Amino acid sequence: MTASHPKNVLNFCPKCGDKAFNYDGSRSFKCAKCGFHFFINSAAAVAAVIVNERGEVLLTTRAFDPCKGMLDLPGGFVDPMETAEEAVCREIKEELNLDVVKTSYLVSFPNEYVFSGYSVYTCDLAFVCEAKSFDNMHVQDDISDFAFYPKESINYEDVSSESIQDIIRFYFRERS
Ligand SMILES: [Zn+2]
């Protein structure tokens, strides 16, 4: 089990503060003092596959850690009470200033995202997204660059996570 696994990071009950916050060995904690039961669930996240007229996929460069400088698909976490479709449109607007006119669900893959020394398990939901136009596209928010990549030029070792690699491979295998 990694150092960032919740079992190795969460030492106290978040409700009453007692240290008898016991991990059940699979995916929950229970406080022996107040009975608070805390589950380690997968967090929903979204990733966008956006292609140009030549069938090349848009990849961004991450501006911050984790995986600063590596390639990624546009996307991020789904906010509380937000739909996955709303989240993917919001992220694309925030990162690239693109207005999405159509989203179509593609596939999902799991990921372990380590932030602040804590593992967040995610379910990365991929959508094929169509933008109104690429005219006003520019870098903003948490990316430092973007470019369209033809299938054969993608070096998967430069892509930030296994789930994003899996999504890109799946897209080229099933849809292109
Ligand atoms: Zn407690």
Tell me the trypsin sites (Lys or Arg not before Pro) within segment 27-109 that lie in a loop according to DSSP and have at most 11 other beta-carbon atoms within 10 Å. ARG54
Mean projection area, nm², convex hull over Cα of segment 103-173: 6.2 nm²
Considering only protein heavy atoms and a 1.4 Å probe, what is the carbon-and-sulfur percentage of the accessible area of segment 1-160? 52 percent
Amide hydrogen neighbours beyond the local backbone of HIS5, cut-off 5 Å, H modeled: SER119
Based on alpha-carbon centroids, what's the gap between segment 132-176 and segment 66-124 in Å, whole number please? 13 Å
State, to one decimal in nm, how far the label point of SER133 lies from the label point of GLU82, with both points 7 Å from Cα in the Cβ direction. 2.6 nm
How far is it, in nm, from the label point at LYS30 to the one at ARG175 when both lie 7 Å from their Cα along the line to the Cβ? 4.3 nm
Amide hydrogen neighbours beyond the local backbone of VAL49, cut-off 5 Å, H modeled: PHE127, VAL128, CYS129
With all distinct Cα pairs included, what does the Kirkwood hydrodynamic radius of segment 43-175 come out to in Å, to one decimal, could you say? 14.7 Å
Round to the nearest 0.05 the FRET efficiency obtained for VAL101 and GLU152 when R0 = 45 Å and r is the Cβ-Cβ distance. 0.95
Non-local residues with an amide H under 5 Å from the amide H of TYR113, with H modelled 1.01 Å from N and Pro and chain starts lacking one, are VAL120, TYR121, THR122
Identify unpaired cysteines across the chain, taking unpaired to mean no other cysteine Cβ lies under 4.7 Å from the residue's Cβ. CYS67, CYS89, CYS123, CYS129
On a 0 to 90 degree scale, rounded to 10, what angle separates helix 162-174 from the longest Cα axis of the chain? 40 degrees
For the chain, modelled as a Gaussian network with Cα springs under 10 Å, which listed residue fluctuates most, ILE154, ILE40, ILE164? ILE40
Between ASP18 and ARG54, what is the label-to-label distance in nm when each label sits 7 Å out along the Cα-to-Cβ direction? 6.4 nm
What angle do you read, to the nearest 10 degrees and between 0 and 90, between the alpha-carbon axis of helix 84-96 and the longest principal axis of the chain? 60 degrees
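The values are calculated or read from the model by the stated rules, or taken from the named source; none is laboratory data. These numbers come from a predicted model, not from an experiment. Don't worry about glycine lacking a Cβ; one is built from the backbone with ideal geometry, like all the others, and counts go over all protein chains shown. What goes into the accessible areas is simple: the full protein's heavy atoms, side chains included, and nothing from ligands, DNA or RNA. Shrake-Rupley method; radii C 1.70, N 1.55, O 1.52, S 1.80 Å.
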